[in-house]
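Participant: Please see the structure below; I have some questions.
The values are calculated or read from the model by the stated rules, or taken from the named source; none is laboratory data. All of these numbers come straight from a predicted model, not from anything done at the bench. Neighbour counts run over all protein chains shown; Cβ positions are idealised from the backbone, glycine included. Heavy atoms of the whole protein, side chains included, go into the accessibility calculation; ligands, DNA and RNA do not. Shrake-Rupley method; radii C 1.70, N 1.55, O 1.52, S 1.80 Å.
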Amino acid sequence: MELASTDRPYRLGILLSGRGSNFAAIAESIRTGRLKGVEIAVVVSNVAEAGGLARARELGLPTAVFVSKGRKRAEHDADVIACLREHQVDLVCLAGYMRLLSQEFVAAFPHRILNIHPALLPAFPGLEAQQQAFDYGVKVAGCTVHFVDEHLDHGVIVLQRAIPVEETDDAHSLAERILDEEHLAYSEAIALVASGEYEIRGRRFVKRNR
Ligand code: GRF
């Protein structure tokens, strides 16, 4: 699947609802050149007060707010889709976007929407994944970057990063250490997808040999 464009930067649309530390890590990877040939086209939030949105403004990035509360999902998503198209987004990155996408949204960007989840999927989908993993007593935890499909935390896995759960951990310390891994994983996954050097075989994301 060839997604990368050679004559212009590869454009990301970031969707977030909260503090936006994953977004900030992506922006930092671009700034430092770890993520090359990529730019953030727009940062979109469904929550006007989202910390990530304020950070995006500080960085001088284009932002858009479409408040979702009280709106029908399809109508809200149609506005977001139009915004992403207007900004010529190649890849949509969900970064703490606390909203399920409609089927129309997923269909509008086939295999071009990524999400990051703070657990080693398929274990512990849904909310408070780190707490779920801690309570279950797993010895290895981590995060997953995956394509978004119509099911929750379910699409093809691009990559995962794992860490040991220490005897001294509580759910909070575990979540913090997973977050450090998330910040590395998301940029790495974006670089892989932006390169276009991969194939999807069934559920498997397979890098092409260069
Ligand atoms: C992260 O833990 C991410 O895995 C999950 O939501 C959280 C967002 O954190 N999907 P942040 O807003 O990026 O700091």
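Participant: When you check LEU174 against the structure, is it over 13 Å from the mean Cα position of the chain (by Cα) and not in a loop (DSSP other than H, G, I, E, B), yes or no? So that I can check it myself, show each step before the final result.
Facilitator: Working: over 13 Å from the mean Cα position of the chain (by Cα): yes; not in a loop (DSSP other than H, G, I, E, B): yes.
Yes.
Participant: Exactly one of these conditions fails for VAL92: (1) in contact (Cβ under 8 Å) with a residue 12 or more places away in the chain; (2) surrounded by fewer than 19 Cβ atoms within 10 Å (Cβ to Cβ). Give me its number.
Facilitator: Unmet for VAL92, out of (1) in contact (Cβ under 8 Å) with a residue 12 or more places away in the chain; (2) surrounded by fewer than 19 Cβ atoms within 10 Å (Cβ to Cβ): (2).
Participant: Okay, moving on. Do we have LEU101 as open to solvent by 40 Å² or more (accessible area, probe 1.4 Å) and within 16 Å of the ligand (Cβ to nearest atom) here? Talk me through it step by step, then tell me what you get.
Facilitator: Working: open to solvent by 40 Å² or more (accessible area, probe 1.4 Å): no; within 16 Å of the ligand (Cβ to nearest atom): yes.
Taking the combined requirement at face value, the residue does not satisfy it.
Participant: Here's another thing I want to ask about it. Failed condition for THR144, given (1) hydroxyl-bearing (Ser, Thr, Tyr); (2) within 24 Å of ASP90 (Cβ to Cβ); (3) open to solvent by 40 Å² or more (accessible area, probe 1.4 Å), with all others met?
Facilitator: The number of the failed condition is (3).
Participant: Being assigned to a loop (DSSP other than H, G, I, E, B), within 11 Å of the ligand (Cβ to nearest atom) and within 21 Å of TYR186 (Cα to Cα) is the requirement here; does ASP153 meet it? So that I can check it myself, show each step before the final result.
Facilitator: Numbers: assigned to a loop (DSSP other than H, G, I, E, B): yes; within 11 Å of the ligand (Cβ to nearest atom): yes; within 21 Å of TYR186 (Cα to Cα): yes.
So ASP153 passes the test.
Participant: Going by what's in this entry, would LEU121 be described as surrounded by 16 or more Cβ atoms within 10 Å (Cβ to Cβ), aliphatic (A, V, I, L, M) and within 16 Å of the ligand (Cβ to nearest atom)? Before you say what the answer is, go through the steps one by one.
Facilitator: Values: surrounded by 16 or more Cβ atoms within 10 Å (Cβ to Cβ): yes; aliphatic (A, V, I, L, M): yes; within 16 Å of the ligand (Cβ to nearest atom): yes.
For LEU121, the condition - surrounded by 16 or more Cβ atoms within 10 Å (Cβ to Cβ), aliphatic (A, V, I, L, M) and within 16 Å of the ligand (Cβ to nearest atom) - is met.
Participant: Quick test for you: out of GLU188, GLU182, GLU167, GLU199, pick the one residue that is open to solvent by 60 Å² or more (accessible area, probe 1.4 Å) and in a helix (DSSP H, G or I). Full working, then the answer.
Facilitator: Numbers: GLU182 fails: open to solvent by 60 Å² or more (accessible area, probe 1.4 Å); GLU167 fails: in a helix (DSSP H, G or I); GLU199 fails: in a helix (DSSP H, G or I).
Among GLU188, GLU182, GLU167, GLU199, only GLU188 is open to solvent by 60 Å² or more (accessible area, probe 1.4 Å) and in a helix (DSSP H, G or I).
Participant: May I pose another question? Of the residues GLY142, GLY126, which is touching a helix residue (DSSP H, G or I) at 6+ places or on another chain (Cβ under 8 Å) and in a strand (DSSP E or B)? Write out each step before concluding.
Facilitator: On the way: GLY126 fails: in a strand (DSSP E or B).
Only one candidate qualifies: GLY142.
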